[in-house]
């Protein structure tokens, strides 16, 4: 996205992939090509959403480093710990963090369901 | 249709007309049609694009990117931050709404007139009734047929019957609905009778011109009179429209007060008194396949509690939105997606007592503040309980209230009954959305408490009118499109009388 560092994009992609990961019997977001999704999102997202997404990216990447029970940044966590961290954020009493998790989930779903094979895999036709 | 795409306007562009109308949603379209039929030269300005039904995207993201203001991500700040959903296209929100049509309820009209008897002449019950008849004919408004309802709507009827609540198929402005379930992405077959397919073509046939992708920056005034508008075309050109008789603002209860502020027209409580219908969804999971993205998008409603300010509707939207409301994150969430075709979402909309305001923020963007009252939260809690009971009564195996601080999955009906009294009281525990907005340029006789007069004229600027739901004194408690169409027509008649 416009103005984002390559590393930020990598962190965001990792967070989104972890939100809807692959399952043994079904591909998740990691298998979806987002090449055309990013520029479209950058073009239409309002400033508050773009800011929120960037804030989410930094917060969720580095918060596990200081949060008890994790001790390392998100990209260095195992799949189990990533799941646990995201679930914790989704249900935290802190409203802002819950909203960040919700934002991540919405963007992940937008990206997933924009992909025709993913829609078909989940029984959505067309 | 006579549409000039602002993307093609790179140089200064000037137009003359009798009436300039800002906005092409139901308010702008109804006013334009009435004025054009009367022989006036009308120019409409629309910030969004003109999109043909065949070009409406299939997926939720692409349609929200193309047809919604700020891709539906604008947020009302306050004690329960909620997204504010508005269309932005030729046809306005009518392109992406659920096509739900309600006459202004008589108890609401009577309440407005009782609070300000000066409204009686404009909002005469007989005049409104005749207008509603015409609108219903024009837009093919009729109850949703069972043949296109789909399971999610039929299940709601079962649930309401079991609880003894009054319910009915929703009357919608559609013709030949095929039950594609894509109203909120724009009907790809043009079955929904949105403004771009109905009133705007009539207006254009009678000489009206539409400028799409032109953002109006200000209303121009001279000696206390509105004389036109200036705007910026997507192609970079400055657009100037001189209006001989009137400027009509029909840009929504958010954009209209914003435009007045930006134009330096700040008389009265402009931008204040924001009222709305906040809503939350409750999810039921059924053993059978439901595929809630199929069938009439919103085809059934429960109206037994309407006079208490609570109304229930079957919901329908793109699977991306359905999925984003599902429980869990990570692999648990991915596994929950197996339930996608088994979910039904029903919504409770509240005629809230909450108030808010709209003001101009950074880079001219709207800052919307809105707070729910404790009474509103009580209504929502009651609504969640009733919806949960209806879902269980209709055969749901599990109910997902979607409320922070309560069990994410409920399998025991007693637990959802308990919700009404023991559910969270803090507003931000609820994940809702706002779809209907009112009152930010309130209509009333007293100029100290209103922005426009009972005949839609601005209290202090001659030749300036407001035609959209900004003028509504209060929320209506029902879907407002038909009321907006009627009041905007009355606004146009008022212009013709001047």
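How many residues are more than 11 Å from every other protein chain (Cβ to nearest Cβ) and more than 26 Å from residue A:116 (Cα to Cα) if we restrict to segment A:25-50?
0
In segment B:185-232, how many are part of a strand (DSSP E or B) and under 30 Å from residue A:114 (Cα atoms)?
Of the residues in that region, 4 qualify.
Yes or no, residue by residue, for (1) over 19 Å from the mean Cα position of the chain (by Cα); (2) within 28 Å of residue B:311 (Cβ to Cβ):
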position	(1), (2)
B:33	yes, no
B:37	yes, no
B:47	no, no
B:54	yes, no
B:93	no, yes
B:103	no, yes
B:107	yes, yes
B:133	yes, yes
B:145	yes, yes
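Look through segment B:143-154, keep the residues that are in contact with a helix residue (DSSP H, G or I) (Cβ under 8 Å, 6 or more places away or on another chain) and in contact (Cβ under 8 Å) with a residue 24 or more places away in the chain, and return whichever of them is surrounded by the most Cβ atoms within 10 Å (Cβ to Cβ).
The extreme case among them is B:144.
For segment B:191-207, indicate whether the set of residues that are under 18 Å from residue B:314 (Cα atoms), surrounded by 15 or more Cβ atoms within 10 Å (Cβ to Cβ) and in contact with a strand residue (DSSP E or B) (Cβ under 7 Å, 6 or more places away or on another chain) is non-empty.
yes
Of all strands (runs of 3 or more DSSP E) completely enclosed by segment B:1-75, which ones contain at least 1 residues that are surrounded by fewer than 18 Cβ atoms within 10 Å (Cβ to Cβ)?
Correct list: B:3-5, B:13-22.
Residue under question is residue B:300, and the condition is that it be within 14 Å of chain A (Cβ to nearest Cβ) and either surrounded by fewer than 22 Cβ atoms within 10 Å (Cβ to Cβ) or touching a residue at least 40 places away in the same chain (Cβ under 8 Å) (or both); does it hold?
For residue B:300, the condition - within 14 Å of chain A (Cβ to nearest Cβ) and either surrounded by fewer than 22 Cβ atoms within 10 Å (Cβ to Cβ) or touching a residue at least 40 places away in the same chain (Cβ under 8 Å) (or both) - is not met.
Which residue is surrounded by the fewest Cβ atoms within 10 Å (Cβ to Cβ), if the candidates are limited to segment B:334-364 and must be within 10 Å of chain A (Cβ to nearest Cβ) and in contact with a helix residue (DSSP H, G or I) (Cβ under 7 Å, 6 or more places away or on another chain)?
Within segment B:334-364, the match that is surrounded by the fewest Cβ atoms within 10 Å (Cβ to Cβ) is B:340.
Take the residues in segment A:46-68 that are free of Cβ contacts under 8 Å to residues at least 12 places away in the same chain and outside any helix (DSSP H, G or I); name whichever of them is nearest to the chain's Cα centre (by Cα).
Out of the qualifying residues, it is A:46.
Can you pull out every residue in segment B:439-468 that is in a strand (DSSP E or B) and either assigned by TED's automatic domain parsing to the domain that holds residue B:374 or surrounded by 24 or more Cβ atoms within 10 Å (Cβ to Cβ) (or both)?
B:443, B:452, B:458, B:464, B:465, B:466
Residues B:25, B:92, B:60, B:98: which one is under 30 Å from residue A:99 (Cβ atoms) and within 14 Å of chain A (Cβ to nearest Cβ)?
Within the list B:25, B:92, B:60, B:98, the selection yields B:60.
When you check residue A:12 against the structure, is it more than 11 Å from chain B (Cβ to nearest Cβ) and part of a helix (DSSP H, G or I), yes or no? Lay out the reasoning, then the answer.
On the way: more than 11 Å from chain B (Cβ to nearest Cβ): yes; part of a helix (DSSP H, G or I): yes.
Taking the combined requirement at face value, the residue satisfies it.
Within segment B:442-456, is even one residue touching a strand residue (DSSP E or B) at 6+ places or on another chain (Cβ under 7 Å) and within 24 Å of residue B:350 (Cα to Cα)?
Yes: segment B:442-456 contains one or more residues that are touching a strand residue (DSSP E or B) at 6+ places or on another chain (Cβ under 7 Å) and within 24 Å of residue B:350 (Cα to Cα).
Residue B:395 versus (1) buried (at least 18 other Cβ atoms within 10 Å of the Cβ); (2) modelled with pLDDT of 95 or more: which is the lone unmet condition?
So residue B:395 meets the others, but not (1).
Which members of segment A:103-120 meet the condition of being surrounded by fewer than 17 Cβ atoms within 10 Å (Cβ to Cβ) and within 9 Å of chain B (Cβ to nearest Cβ)?
A:116
Could you list all residues from segment A:1-46 that are loosely packed, with under 13 Cβ neighbours inside 10 Å and closer than 22 Å to residue B:65 by Cβ?
A:2, A:3, A:33, A:35, A:36, A:39, A:43
So, of the residues in segment B:402-431 that are touching a residue at least 24 places away in the same chain (Cβ under 8 Å), farther than 20 Å from residue A:88 by Cβ and touching a strand residue (DSSP E or B) at 6+ places or on another chain (Cβ under 7 Å), which turns out to be nearest to the other protein chains (Cβ to nearest Cβ)?
Checking each candidate, the answer is B:430.
How many residues are part of a helix (DSSP H, G or I) and either more than 7 Å from every other protein chain (Cβ to nearest Cβ) or farther than 27 Å from residue B:433 by Cα (or both) if we restrict to segment A:69-98?
Adding up the residues that qualify gives 14.
Collect the residues in segment B:158-182 that are part of a strand (DSSP E or B) and surrounded by fewer than 23 Cβ atoms within 10 Å (Cβ to Cβ), keeping them in residue-number order.
B:167, B:168, B:169, B:171
Of all residues in segment B:269-295, how many are out of contact with any strand residue (DSSP E or B) (no Cβ under 7 Å at 6 or more places or on another chain) and either at pLDDT below 95 or under 25 Å from residue B:396 (Cβ atoms) (or both)?
Looking only at that region, the number is 7.
So which residues in segment B:108-121 are out of contact with any helix residue (DSSP H, G or I) (no Cβ under 6 Å at 6 or more places or on another chain), at pLDDT 95 or above and farther than 25 Å from residue B:174 by Cβ?
Hits for segment B:108-121 are B:109, B:110, B:111, B:114, B:115, B:116, B:117, B:118.
Find the residue count for segment A:100-126, including only residues that are touching a strand residue (DSSP E or B) at 6+ places or on another chain (Cβ under 9 Å) and either without any contact (Cβ under 8 Å) to a residue 12 or more places away in the chain or in a loop (DSSP other than H, G, I, E, B) (or both).
Residues that pass the stated criteria total 1.
Regarding residue B:82, is this residue under 20 Å from residue A:106 (Cβ atoms), within 14 Å of chain A (Cβ to nearest Cβ) and in contact with a helix residue (DSSP H, G or I) (Cβ under 7 Å, 6 or more places away or on another chain)?
no
The values are calculated or read from the model by the stated rules, or taken from the named source; none is laboratory data. Please read all numbers here as calculations on a predicted model, not as lab measurements. Cβ atoms come from the backbone with ideal geometry, glycine included; neighbour counts cover every protein chain shown.
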